[in-house]
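The values are calculated or read from the model by the stated rules, or taken from the named source; none is laboratory data. Everything numeric here is computed off the predicted structure, so don't read it as measured data. FYI the Cβ positions are ideal-geometry reconstructions off the backbone, even for glycines, and counts take in every protein chain you see. With ligands, DNA and RNA removed, areas are computed over all heavy atoms of the protein, side chains included. Shrake-Rupley method; radii C 1.70, N 1.55, O 1.52, S 1.80 Å.
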Amino acid sequence: EPLSEEQLPDDLWLRSIEWRGDSEVVHHIVGSASVKDENGQTLSYELGSIAPGEEASVYPEGYGKLLPKGSRIHFNMHYHKETGPGTGQFDQSMVGFRFWDENDPKVRHAVQRSGVSSSSFEIPPNHPHWPVGSAKTFDEDTSLLALHPHMHLRGKDAKYVAYYPDGTSELLLYVPAFDFNWQLDYTYAEPKKIPAGTRIEFTAH
């Protein structure tokens, strides 16, 4: 059901989001919200996710994610369990929100999640170290808050390299031993400034 006016009396800015699986069969949760605009059209908003080892999303001062009044919250669930009689489980997964209040500084930056991914590759049989890559070029100046490499059990390592418009490059993150059970958000102590025209390349094996 949509959040009531008593629960969400106005458009509010989120300062943190935590999705929490309730049982061992929860593989991951992808969260979102939807709300109808004045024309009756449904607008959707991404609200983060949880995967094995991932923690809550906590935004720094001045940053937040808008949750519009009257939003409907969606849980996109991925379950993984053994088959057969007696293996069924109940699940009541949860989400928790914290909001910026009127005493906090006004949010100046709306947070968005943007994927750099590839899903069209094929790994040759018995290949031990197959490279997979993807890239994203930024059209405008951006503040990078965190990087989150996500793979499944075959993932071995992950690397992000920024190629700047002035011709220089920088290693942003290298995870030499990716662990499916510890899919961490690698969060910057201070937002990383990425100028327009920067190309970030992601390479994994």
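Results for (1) out of contact with any His (no Cβ under 9 Å at 6 or more places or on another chain); (2) closer than 25 Å to PRO60 by Cβ; (3) open to solvent by 60 Å² or more (accessible area, probe 1.4 Å); (4) touching a residue at least 24 places away in the same chain (Cβ under 8 Å), shown as yes or no for each residue.
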{"residue": "ASP141", "(1), (2), (3), (4)": "yes, yes, yes, yes"}
{"residue": "LEU144", "(1), (2), (3), (4)": "yes, yes, no, yes"}
{"residue": "MET151", "(1), (2), (3), (4)": "yes, no, no, yes"}
{"residue": "VAL161", "(1), (2), (3), (4)": "yes, yes, no, yes"}
{"residue": "GLU170", "(1), (2), (3), (4)": "yes, yes, yes, no"}
{"residue": "ALA177", "(1), (2), (3), (4)": "yes, no, yes, no"}
{"residue": "TRP182", "(1), (2), (3), (4)": "yes, yes, yes, yes"}
{"residue": "TYR186", "(1), (2), (3), (4)": "no, yes, yes, yes"}
{"residue": "ALA189", "(1), (2), (3), (4)": "yes, yes, yes, no"}
Scanning the stretch 21-55 residue by residue, those farther than 17 Å from LEU8 by Cβ and hydrophobic (A, V, I, L, M, F, W, C) turn out to be VAL25, VAL26, ILE29, VAL30, ILE50, ALA51
Of the listed residues (HIS205, HIS129), the one being within 27 Å of GLY53 (Cα to Cα), open to solvent by 70 Å² or more (accessible area, probe 1.4 Å) and touching a residue at least 24 places away in the same chain (Cβ under 8 Å) is HIS129
By residue number, the members of the stretch 79-137 that are within 22 Å of SER44 (Cβ to Cβ) and aliphatic (A, V, I, L, M) are MET94, VAL95, VAL107, ALA110, VAL111, VAL116
| request: Taking ILE73 as the residue in question, decide whether it is among the aliphatic types (A, V, I, L, M), out of contact with any Ser or Thr (no Cβ under 7 Å at 6 or more places or on another chain) and farther than 19 Å from LEU184 by Cα. | output: yes
The lone condition ASP157 fails out of (1) under 27 Å from HIS80 (Cβ atoms); (2) of a type in the set (Asp, Glu); (3) free of Cβ contacts under 8 Å to residues at least 24 places away in the same chain is (3)
Among the residues in the stretch 101-116, are any hydrophobic (A, V, I, L, M, F, W, C), loosely packed, with under 13 Cβ neighbours inside 10 Å, in a strand (DSSP E or B) and in contact (Cβ under 8 Å) with a residue 40 or more places away in the chain? yes
Selection from the stretch 57-75 of residues in a loop (DSSP other than H, G, I, E, B) and either of a type in the set (Lys, Arg) or over 29 Å from MET151 (Cα atoms) (or both) yields GLU61, GLY62, PRO68, LYS69, GLY70, SER71
Looking across the stretch 30-56 at residues that are in contact (Cβ under 8 Å) with a residue 60 or more places away in the chain and in a strand (DSSP E or B), the single one that is surrounded by the fewest Cβ atoms within 10 Å (Cβ to Cβ) is GLU46
So, first residue open to solvent by 10 Å² or more (accessible area, probe 1.4 Å) in the stretch 13-28, second residue in a strand (DSSP E or B) and of a type in the set (Lys, Arg), Cβ within less than 8 Å, six or more apart or across chains; the pairs are TRP13/LYS65; ARG15/ARG98; SER16/ARG98
Per the filter on the stretch 129-146, residues more than 18 Å from the chain's Cα centre (by Cα), part of a strand (DSSP E or B) and over 12 Å from GLY115 (Cα atoms) are VAL132, GLY133
With respect to SER93, determine if the residue is among the polar types (S, T, N, Q) and surrounded by fewer than 12 Cβ atoms within 10 Å (Cβ to Cβ).
no
